[in-house]
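Undergrad: Pasting a structure here, questions to come.
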Amino acid sequence: MPRHIGLLRAVNLGAHNKIAMRDLLGLVEGLGLTDGRTLLQSGNVVFRGDARTPAALEAAFEAAATKRLGLETDFFVRTAREWQAVIAGNPFPKDAMERPGHLVLMCLKDAPNRAAVTALEQAIKGREVVRASGRHAYFVYPDGMGRSRLTSALIEKKLGTRGTSRNWNTVLKIGALTQD
């Protein structure tokens, strides 16, 4: 069975959307998926899937999380192959090497159109840079994310879709978990 990556949106942020990683593994098992492994406490899980598409797995996870845990959040599922392509397709290799904590990948529910990406680029007030490819957007925060005005809320509003972000260090660690 192929490996998949599941990412939860906005969990374990203070008291907001709390989920224990053992409960996340329970969702994996409850959906008939196997070999679940979590990374960090931010809602990252790698598992072996079945013939369901990533979109079908997202819907199954979202319904199960609501029903079993009372947790309403978005799940973003990618195949291991997609994840490796995301890593290989990074348009900011220099930043990935020199300052991986300042490079962020956002997985999106839907691929934004070019006009939406242009609107986002025009809304950037600082030195941040964005590149989008399909259902993924890469962001460089040269001055860090802490004080940046390029927030997830602004990004989602301009792109017209929801997303969840991981810094490049985490992206690579997730990628390593997909290797057999």
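Undergrad: Scan the stretch 96-114 for residues that are more than 28 Å from THR73 (Cβ to Cβ) and loosely packed, with under 14 Cβ neighbours inside 10 Å and report the count.
TA: Within the stretch 96-114, the subset more than 28 Å from THR73 (Cβ to Cβ) is 97-99, 114.
Then drop every residue that is not loosely packed, with under 14 Cβ neighbours inside 10 Å, which leaves 97-98, 114.
Qualifying residue count, the stretch 96-114: 3.
Undergrad: Another one. How many residues does the stretch 56-80 hold that are of a type in the set (Lys, Arg) and in contact (Cβ under 8 Å) with a residue 40 or more places away in the chain?
TA: Step one: of the stretch 56-80, the residues of a type in the set (Lys, Arg) are 67-68, 78.
Applying the additional criterion that residues be in contact (Cβ under 8 Å) with a residue 40 or more places away in the chain yields 68, 78.
Number of matching residues: 2.
Undergrad: Could you tell me which residue of the stretch 10-38 is modelled with the highest pLDDT, considering only residues that are within 22 Å of ALA176 (Cβ to Cβ) and part of a loop (DSSP other than H, G, I, E, B)? Please lay out each step first, then the result.
TA: Taking the stretch 10-38 and keeping what is within 22 Å of ALA176 (Cβ to Cβ), we get 11-12, 21-22, 24-25, 28, 33-38.
So of that shortlist, the ones also part of a loop (DSSP other than H, G, I, E, B) come out as 11-12, 33.
Working: VAL11: 61, ASN12: 54, LEU33: 93.
Filtering the stretch 10-38 for residues that are within 22 Å of ALA176 (Cβ to Cβ) and part of a loop (DSSP other than H, G, I, E, B), the one modelled with the highest pLDDT comes out as LEU33.
Undergrad: Which condition number in (1) surrounded by fewer than 18 Cβ atoms within 10 Å (Cβ to Cβ); (2) in the same structural domain as ARG52 (by TED's automatic domain parsing) is the one that ARG78 fails?
TA: (1) is the only condition that ARG78 fails.
Undergrad: What's the number of the only condition in (1) outside the structural domain of THR38 (by TED's automatic domain parsing); (2) at pLDDT below 95; (3) surrounded by 14 or more Cβ atoms within 10 Å (Cβ to Cβ) that LEU120 fails to meet?
TA: That leaves (2) as the condition not met.
Undergrad: Something else: Counting only residues that are of a type in the set (S, T, N, Q), under 23 Å from ALA111 (Cβ atoms) and surrounded by fewer than 18 Cβ atoms within 10 Å (Cβ to Cβ), how many does the stretch 40-64 have? Step through it out loud before you land on a result.
TA: Initially, the stretch 40-64 is screened for residues of a type in the set (S, T, N, Q), giving 41-42, 44, 53.
Those left that are additionally under 23 Å from ALA111 (Cβ atoms): 44, 53.
Okay, now just the ones that are also surrounded by fewer than 18 Cβ atoms within 10 Å (Cβ to Cβ), so 53.
Qualifying residue count for the region: 1.
Undergrad: Another one. Within the stretch 141-156, is even one residue among the small types (Gly, Ala, Ser), loosely packed, with under 15 Cβ neighbours inside 10 Å and under 17 Å from ALA10 (Cα atoms)? Spell out the reasoning first.
TA: First pass over the stretch 141-156, keeping only residues among the small types (Gly, Ala, Ser): 144, 146, 148, 152-153.
Next, only the ones that are loosely packed, with under 15 Cβ neighbours inside 10 Å stay: 144, 146, 153.
Going one step further and asking which of them are under 17 Å from ALA10 (Cα atoms), we end up with 146, 153.
Yes, the conditions are met somewhere in the stretch 141-156.
The values are calculated or read from the model by the stated rules, or taken from the named source; none is laboratory data. All figures in this text were calculated on a predicted structure; none of them were measured in a lab. For neighbour counting, all protein chains shown are included, and Cβ atoms are generated from backbone atoms with ideal geometry for every residue, glycine included.
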